[in-house]
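Encoded as structure tokens, the structure appears first; notes follow it.
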Amino acid sequence: MAEQRYKGIRVLVTGGLGFIGSNLVHALVREGAEVTVVDGLISGCGGDEYNVAEVRDRLRVIIADIGDREAVSVALADQQVIFNLAGEVSHSMSISCPERDLRLNALAQLRFLESCRVWAPQARIVYASSRQIYGRPRYLPVDERHPVDPVDFNGVHKWAAECYHRLQARLYDQPTVVLRLTNVYGPRQSLRVSCQGFIATFIARALRREPVLVYGDGSQLRDMLYVDDVVEAFLLAGLTPLPSAEPYLVANVGGPRPMTLSEIARTLVGDDVHYVPFPAISARIDIGSYHSDDRLFRAWTGWQPRVDFAEGIVRTLEFYRQHAEHYLHGAVN
Ligand SMILES: NC(=O)c1ccc[n+]([C@@H]2O[C@H](COP(=O)([O-])OP(=O)(O)OC[C@H]3O[C@@H](n4cnc5c(N)ncnc54)[C@H](O)[C@@H]3O)[C@@H](O)[C@H]2O)c1
């Protein structure tokens, strides 16, 4: 039986039908929490009711935009911890449709935080931010003091949402933790919507036994983080006492080690890797190499990533093979 750290604790998960959110929901149910989900099942994002089907009878699910004050007020009343994962992940879509990204990643967050202030002012908020806010790293590994200089609208709007969270803490004393996540992979990531990032594309191709295309020479570094490890980071961030009197903390959450895109691709498909030039727009928003310095988060919570990429990929492929009819049917990547 899982630990029961959340036994009887009332939690809200926004974006709880999406990739990371639904994995967090499964863990919270195992840990005994009383879980409410708010998710707008936004077209083009990775939300999917199938992701929580196994635990559906132990959840309250509200299908609504987090900016919908009326729907959200019902969901927020009496919550103790709010895991705020609703958002759009696509960098390329943020270029083709910046206003959409603004609406989903910034305006909806601003409205949601106003609702939190009214309906759940004591609850701790844990927000899923992104390494994307840093832009092209000026040094590696990237720590929290690295300049913020996003290369696309997604990074700009995630940064705006971070600033809203910081103000929420400073103006209204609402305890707030911002986690800047690196690239996450694992079960329940949608393979049926486009632009979910390179790892979804690589996984879909590996499952179909197709070659993987790598943009550039494959030497760019990433610190891939298995979803169970990021879920554990959220669970700890929800309950660990804040380290100082300030009600706000921002911390990177990274993977176990940096690896090249070539190694990532080869782990999935062996030698069946083709190196191709970057499409023009991808070249403009490519950040080169990235990996996280997450010592701050580790020191605060004692967390460390436990699943190496080779092991995480075995588990991921196994999951998709078991649920192939649902996740692979109509895969667009
Ligand atoms: N996946 C990654 O590698 C990664 C890396 C860094 C940060 N993040 C952040 O983590 C969060 C979760 O990402 P994911 O990969 O699970 O994405 P996902 O697309 O699988 O899930 C996001 C969910 O949020 C919902 N949503 C989006 N906007 C909403 C709104 N305004 N109101 C209600 N619901 C809304 C979508 O319907 C979807 O179910 C996002 O905020 C993302 O920016 C993810």
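Observations on the structure shown:
- Among the residues examined, Val177 does not qualify as assigned to a loop (DSSP other than H, G, I, E, B) and either of a type in the set (A, V, I, L, M) or within 11 Å of the ligand (Cβ to nearest atom) (or both).
- Those residues of segment 285-322 which are surrounded by fewer than 14 Cβ atoms within 10 Å (Cβ to Cβ) and either over 24 Å from Ala128 (Cα atoms) or out of contact with any helix residue (DSSP H, G or I) (no Cβ under 9 Å at 6 or more places or on another chain) (or both), in sequence order: Gly288, Ala299, Ala310, Glu311, Val314, Glu318, Arg321, Gln322
- Filter pass, Val126 being within 14 Å of the ligand (Cβ to nearest atom), among the aliphatic types (A, V, I, L, M) and over 18 Å from Gly87 (Cα atoms): no
- The lone criterion from (1) within 16 Å of the ligand (Cβ to nearest atom); (2) assigned to a helix (DSSP H, G or I) left unmet by Ala206 is number (1).
- Enumerated helices (runs of 4 or more DSSP H) restricted to segment 1-97, each holding at least 3 residues that are more than 8 Å from the ligand (Cβ to nearest atom) and polar (S, T, N, Q): 91-96
- Qualifying residue in segment 138-153 (condition: part of a helix (DSSP H, G or I) and within 11 Å of the ligand (Cβ to nearest atom)): no
- When Phe112 is tested against (1) in a loop (DSSP other than H, G, I, E, B); (2) within 13 Å of the ligand (Cβ to nearest atom), only condition (1) is not met.
- Criterion (among the hydroxyl-bearing types (Ser, Thr, Tyr), farther than 21 Å from Asp294 by Cα and in contact (Cβ under 8 Å) with a residue 40 or more places away in the chain) met by exactly one of Tyr215, Tyr248, Tyr226: Tyr215
- Contact map, segment 14-39: residues that are of a type in the set (Lys, Arg) paired with residues that are assigned to a helix (DSSP H, G or I) and surrounded by fewer than 24 Cβ atoms within 10 Å (Cβ to Cβ), Cβ distance under 7 Å, separation 6+ or inter-chain. No pairs are found.
- Here the helices (runs of 4 or more DSSP H) wholly within segment 253-333 that include at least 1 residues being touching a strand residue (DSSP E or B) at 6+ places or on another chain (Cβ under 9 Å) are 261-269, 280-285, 295-301, 309-322.
Coordinate-derived values only; no laboratory data. Since the structure is predicted, the reported quantities are computational estimates derived from the model, not experimental observations. Backbone-built Cβ (ideal geometry, glycine too); neighbour counts: all protein chains shown.
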